[in-house]
Structure formats: C-alpha cells, structure tokens
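Asker: This is the structure I have questions about; it appears just below.
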Amino acid sequence: MQLCEGCHYGAERIACVSSRLQEDWKGLTSVLEERSNTLVMSTDFHQGAEQFLGRVEGWCEACADDSLPGEMAELEASIQQHQTLYEEITSAYTQVSERGKALLEVLQRPAEPDESGLPAATTDFTAATHGIMGVLHEVMQGHQHVEGAWQHRKLRLHQRLQLCVFQQDVRQVLKHFTTVTDLGLDTHTNTHTHTQRRLCHCYFVLTL
C-alpha cells in the first residue's frame with residue numbers, strides 16, 4: 001500500500017492484487033469459521049448421542065423394577081416419579097435428535113455461488129452424513145426400547161392404582177354392611193344370610 005501511495009509505476013496492479021488478497025482472506029476466514037462451527041455441532045451431537053445411549057440400560061433397569069407399592073399414597077408417588085423419568089428420557093432424546101438434524105442440514109446444504117455465479121467447490125460430506133444418520137438410527141432404536149419398558153411399567157402402576165381404588169371402595173362397602181348389621185338387621189335370618197355372603201365376597205376381594 002505504501003508503494004501505491006508513493007505513485008509507484010505498478011500502483012494500479014498492486015492495488016488490484018491487494019484487493020484480491022483481502023477478498024480471499026475474507027473468504028478463507030468465513031470458511032474456517034463455518035468449519036469450526038460445524039465441528040462444534042458435530043462434537044456436541046456425538047457426545048450427546050453417546051451419553052443418551054449410555055443411559056439406556058439404566059433407564060430400562062429402572063422401568064423393569066418389579067416392586068409395586070401397596071399403599072395409595074406411595075403408589076401415586078411412584079406414578080409421579082415414573083412420569084418424571086419419562087420427561088427426562090424424552091428431553092434427552094429430543095435434544096440429540098434436534099442436534100443431529102441440524103448437523104445434517106449443514107452438511108447437506110447446497111454450496112452458494114461465487115462471484116462468477118458458479119457453485120463454489122465444497123467438501124464431500126457423504127460419508128459423514130451416513131455416519132450421522134447411523135448414529136441417529138441407533139439413538140432412535142434405544143429410545144424405542146426404553147419407551148417400551150417405560151410403557152409396560154406405567155401400565156402395571158396404573159393397574160395397581162385401579163386395584164387399590166377398588167379395594168378402598170370395597171372397604172367402605174364392608175364398613176357399611178358391618179354398621180347395618182350392628183343396627184339389628186341380623187335379627188332377620190334372610191337378611192343376615194345375604195349380608196354374610198356379601199361380607200365374605202368383600203373379604204375375598206380385599207385379599208386379591
């Protein structure tokens with residue numbers, strides 16, 4: 001630039017070369033920044049996928065717990081805890097999936113035309129794209145496996161809750177029959193016999 005300012009005989013040529021170098025430098029820094037961002041996205045995706053797949057076994061073990069609370073309050077707490085687990089699994093899966101899709105969009109994005117209007121030369125990311133799709137498929141399979149185990153335990157918990165509610169209703173009916181019997185209805189033979197049969201049935205239900 002000093003040569004240009006000093007009215008050097010090649011000033012025009014120097015200015016042209018300098019301008020071209022500046023444009024090339026801007027293009028290079030832009031490409032480097034884009035590659036750097038892509039590497040960060042790739043690292044985040046693969047780390048997230050690895051963490052998700054590493055937690056699948058633990059999630060499945062939590063869902064495979066055969067113990068079911070017998071008390072209503074404990075059962076409701078277990079159902080809430082199970083729902084919280086589902087939200088945790090879903091959040092982790094959604095995060096990995098969105099990162100993978102965003103990374104694929106970047107790698108599959110068409111090259112922007114250069115100043116001549118022709119597409120700029122780009123790196124072939126076909127192998128990387130296939131690798132990412134493979135990881136996404138593995139994550140999806142892991143999620144389906146966990147969700148199946150989660151749904152199975154959810155069904156058992158809610159069936160147990162329904163049974164507890166039913167048993168609670170039976171206890172109330174049993175208490176009612178006992179009260180009625182104490183009021184003297186047992187003096188009538190037929191009524192007493194019918195009441196005893198109902199009581200026996202209620203006791204049978206409570207032992208389920």
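Asker: Quick one: which of 66-78, 46-58 comes out on top by average Cβ neighbours within 10 Å, and what's the full order, highest first? Numbers along the way, then the final one.
Answerer: On the way: 66-78: 12.5, 46-58: 15.3.
Put in order of decreasing packing, that is 46-58, 66-78.
Asker: Oh, and also: From the residues MET72, VAL106, ILE89, which one has its Cα farthest along the dipole of segment 72-112 in the positive direction, the dipole being from +1 and -1 charges on Cβ of Lys/Arg and Asp/Glu about the Cα centre?
Answerer: My answer, from the dipole projection, is VAL106.
Asker: Distances longer than 24 Å among the Cα atoms of segment 11-112: what percent of all pairs is that?
Answerer: Values: 2850 of 5151 pairs.
So the portion of pairs separated by more than 24 Å is 55 percent.
Asker: A follow-up question, please. Can you give the extra length, in nm with one decimal, that the chain gains between MET72 and ALA102 once fully stretched, where that is 0.36 nm per residue apart less the Cα-Cα distance? Mind dumping the intermediate values first?
Answerer: Details: separation 30, 0.36 × 30 = 10.80 nm, distance 4.50 nm.
The span from MET72 to ALA102 would gain 6.3 nm if fully extended.
Here, each number is a calculation from the coordinates, and none is a lab measurement. Note that this is a predicted model, so its numbers are computed, not measured. Positions of Cβ are generated from backbone atoms using ideal geometry, with glycine treated the same way; all protein chains shown enter the neighbour counts.
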